[in-house]
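Values in this text are rule-based calculations from the coordinates and carry no lab data. These numbers were taken from a predicted model, which means no experiment stands behind them. Here the Cβ positions follow ideal geometry from the backbone for every residue, glycine too, while neighbour counts run over all protein chains shown.
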Amino acid sequence: MPVMAITDCPAGDGFAAALDAFCEGAYAQARGLLEPLANGGHAEAQAWLGALHANGLGVPASPGTAFAWYRRAAEQGHLAAATNVGAMLAMGQGVARDRGAALIWLERAAEGGDTMACYNLATLLAKGDGIAPDPARAAALYRRAAETGHYPSQARLGHLYAHGIGVAQDRVEGFAWLTLAARHGVGTALTALEAVIREMSAEEKRRGTTRAQSLQGGGSAQAMGPSRLNPIPA
């Protein structure tokens, strides 16, 4: 399970020991250390305790309990937890499905710079399932996430450019983003890339290759949170 760096954890508050236990797979021990911290209002501990309940680590899996802990952390400004709250509301996991409330939480986390929030919010806006679709905003959010090195966002952005959805159609730009995603094993990107290549001239392919090379130096995706849920299906 991916792990984020410890942030703003007061020395000696027991959180570091809890995180060590979590990373070593001693989930029952981690829970015992996290619960008093979480009950005392420690946002990081609340988020990690949500991770235990979401994944059934050291406790029976309970999406409802996970949601409650994620929400408590999110209400204190924990961005990864806010993203999970938004995703759970969007998919109806552990809580009644509410796309409007999901948008509020995902907007908050995206504004704070959370890459997965940008991706999930873009996916909701692209689909327009229960909310007004906004392809242009979706494309902008996918770009924000793609520029951090988030491979699924690179694949989605490439698809949008290839088909002119929310952006002006640009096969060269589509080729470049799909190439980056395909190099990192995003299967849909490879299929989409092959389709784009069939429509490109030799000059467009040359320009696309150059553009892809220029994008390779972009940032790498941010460290994942205490427990990232599966993203909202695109």
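For the reader, a short list of remarks on this structure follows.
- Among Asp134, Asp129, the ranking by other beta carbons within 10 Å of each residue's beta carbon, starting with the fewest, stands as Asp129, Asp134.
- Residues Glu204, Glu24 in ascending order of nearby Cβ atoms (within 10 Å, fewest first): Glu24, Glu204.
- Note on Glu199 and Ile104: with the Förster distance fixed at 41 Å, the Cβ-Cβ geometry gives a FRET efficiency of about 0.55.
- With Cα atoms as the point set, the radius of gyration and Dmax of the chain evaluate to 19.5, 63 Å.
- For Thr188 and Ser62, the FRET efficiency from 1/(1 + (r/R0)^6), where r spans their Cβ atoms and R0 equals 35 Å, is about 0.60.
- Residues considered: Met200, Met88, Met116. Largest GNM mean-square fluctuation over the chain, using C-alpha springs under 10 Å, is found at Met200.
- Relative contact order %, region 131-222, counting alpha carbon pairs below 8 Å whose residues are six or more apart: 29 percent
- Share of Cα-Cα pairs in region 131-222 lying beyond 21 Å, as whole percent: 23 percent
- By average C-beta atoms within 10 angstrom, highest first, the peptides 43-51, 178-186, 205-213: 43-51, 178-186, 205-213
- Look at the alpha carbon pairs under 8 Å that are at least 6 residues apart: their mean separation over the length of the chain gives a relative contact order of 16 percent.
- Simple spin-label estimate for Ala96 and Glu75 in nanometres, 7 Å along Cα-Cβ: 1.8 nm
- Charge context of Arg137, other residues only, Cβ under 14 angstrom, K/R +1, D/E -1: +1
- With both labels modelled 7 Å from their Cα along Cα-to-Cβ, the Glu24 to Ser214 distance reads 5.0 nm.
- Charge sum, other residues only, whose C-beta stays under 10 Å from Leu215's C-beta, Lys/Arg counted +1 and Asp/Glu -1: -1
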